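Shown next, in structure tokens, is the structure this report addresses.
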Amino acid sequence: MSHRLAGRTPTVVIDAGIATQENLAIIREYKMQYICVSRIRPTEAPVGEPVIIKDNGVDSVRGIRYERNGEVFLHCMSTGRAKKESSIRGRFQQRFENALDRLASSIARPRGVKQSEKVHKRLGRILERFPLVSNWYKIKVEEVEDRVQSISWSIKDGQAFDMRFSGAYLIRSSRTDLDEKDLWTTYTMLTTVEAAFRALKSELGLRPVYHQVDRRLEGHLFIAVLAYHLLAIIQRTLRRKGICFSWETIRTRMASQQRITVSMTNNREKRISIRQTTTAEPFHQEIYLALGISSRPVKSIRTVF
């Protein structure tokens, strides 16, 4: 069984969910290359000068490339991802510490719950509710004769905790011939594929499928895939013009330009109906200009009856 395409060894791009050592070994066994995100989160930045991989003025990605044991690794630092992770951390950390505060206040009250078994059960439920941040805390429970006197907590390793939510991630690959930008660009192709499947299953109506006859099922799939090809062409054209909105955003904002019908009766008792397109807003005009089409793609229609 050949796994060569056009004289080149295929490169398999997979996400962290299935990038196990066993799966990577299978890929190597079939003489193929791989690029994936490491399942192990980086705990510290490697030594080296970061290379700017992406910078569009809104967010940026920098990377430090290094090799180890026949693999190449790319330590990526994303400002956009850092903002998102920082927001998530702040929200969950505040909720977790508020829950610990309530437990500590309950213990401090004269008639509060102080039995060790009950306190540890409450503490266990709190830890289960916030697994994203609770593992980074060291919690100390002071007990005297099965009675809890106080509870305190602190962060185990502040530097590692900060790194976990710093927007850093690690790309690993067997492609030692690729530089920082090529590694990152090739991996991010996976997000394009995932976006394609989301578009097919949502906006383009690939599912649900209720057909019982094969030819109708084939027709349904054909139309959905054909629609995606048109969508991909539109998005590629827009990206070349620097417009990188998601299809959902474009569709939602374009929907504000509509076709309206105005009807009236003249002095001859004739009913006149005029159907026309509303005036394009600045966003509409930007999209039309990028695609090279008129800002009023459908002509006005005047009907007398």
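Here, each number is a calculation from the coordinates, and none is a lab measurement. This structure is a prediction, so every number in the text was calculated from the model and none was measured. Quick reminder, even Gly has a Cβ in these numbers, built from the backbone with ideal geometry, and neighbours come from all protein chains shown.
With both labels modelled 7 Å from their Cα along Cα-to-Cβ, the Q258 to E49 distance reads 5.8 nm.
Taking other C-beta atoms within 10 Å as the exposure proxy, C76, C244 rank C244, C76 from fewest upward.
In percent, rounded to a whole number, the relative contact order of the chain is 15, using alpha-carbon pairs under 8 Å and six or more apart.
Once the chain from T303 to S152 is taken as fully extended at 0.36 nm per residue, the excess over their C-alpha distance is 46.5 nm. Over the chain, with a Gaussian network built from C-alpha contacts below 10 Å, which listed residue (N23, N56, N69) shows the highest mean-square fluctuation? Checking each option, the largest mean-square fluctuation is seen for N69.
Helix 79-108 and the longest principal axis of the C-alpha atoms of the chain enclose an angle of approximately 50°. With a simple spin-label model that places each label point 7 Å from the Cα along the Cα-to-Cβ direction, the separation between K181 and K270 comes to 6.4 nm. Listed values for region 40-48 are Karplus-derived 3J(HN,Hα) couplings in whole Hz (6.51 cos²θ - 1.76 cosθ + 1.60, θ = phi - 60°), namely 9, 6, x, 9, 7, 7, x, 6, x, and x replaces Gly and Pro. Computed from the alpha carbon positions, the gyration tensor of region 139-189 leads to an equivalent ellipsoid with semi-axes of 47, 10, 8 Å, biggest first. Amide H contacts of T9 (H built 1.01 Å from N, in plane; Pro and chain starts excluded): no residue 5 or more places away or on another chain comes under 5 Å. Of the residues I155, I293, I223, the one that moves most in a GNM of the chain with alpha-carbon contacts below 10 Å is I293. Between the entries [x] 111; [y] 310; [z] 128, the label attached to volume of the Cα convex hull per residue in Å³ calculated for this structure is [y].
In region 256-304, the ratio of gyration radius to Kirkwood radius, Rg to Rh, stands at 1.16 when only Cα atoms are counted. For region 9-180, the relative contact order works out to 31 percent when only alpha carbon pairs closer than 8 Å and six or more residues apart are counted. The order of H229, H220, going from fewest to most other C-beta atoms within 10 Å of their C-beta, is H229, H220. FRET efficiency for the Q285 to H220 pair, using the beta carbon distance and R₀ = 51 Å, is estimated at 0.90.
For region 210-305, GluC sites (Glu not before Pro) meeting the loop criterion (DSSP other than H, G, I, E, B) and having at most 12 other Cβ atoms within 10 Å: E269. Taken over region 36-155, the percentage of Cα pairs per 5 Å bin, counting from 0 up to the bin with the maximum distance, is 2, 9, 15, 15, 12, 10, 9, 8, 7, 6, 5, 2, 0.
Measure nothing but the geometry: give the 0 to 90° angle between the long axis through the Cα atoms of 116-129 and the longest principal axis through the Cα atoms of the chain, rounded to 10°. Tilt relative to the chain: about 30 degrees.
For region 151-166 versus region 76-102, the spacing of their alpha-carbon centroids is 11 Å. The K31 and T188 beta-carbon pair, evaluated with R₀ = 25 Å, returns a calculated FRET efficiency of approximately 0.50.
Loop-resident trypsin sites (Lys or Arg not before Pro) (DSSP state other than H, G, I, E or B) in region 38-120 with no more than 11 further Cβ atoms inside 10 Å of their Cβ: R111. Computed from the Cβ-Cβ distance with R0 of 22 Å, the FRET efficiency linking I139 to R91 stands at 0.65.
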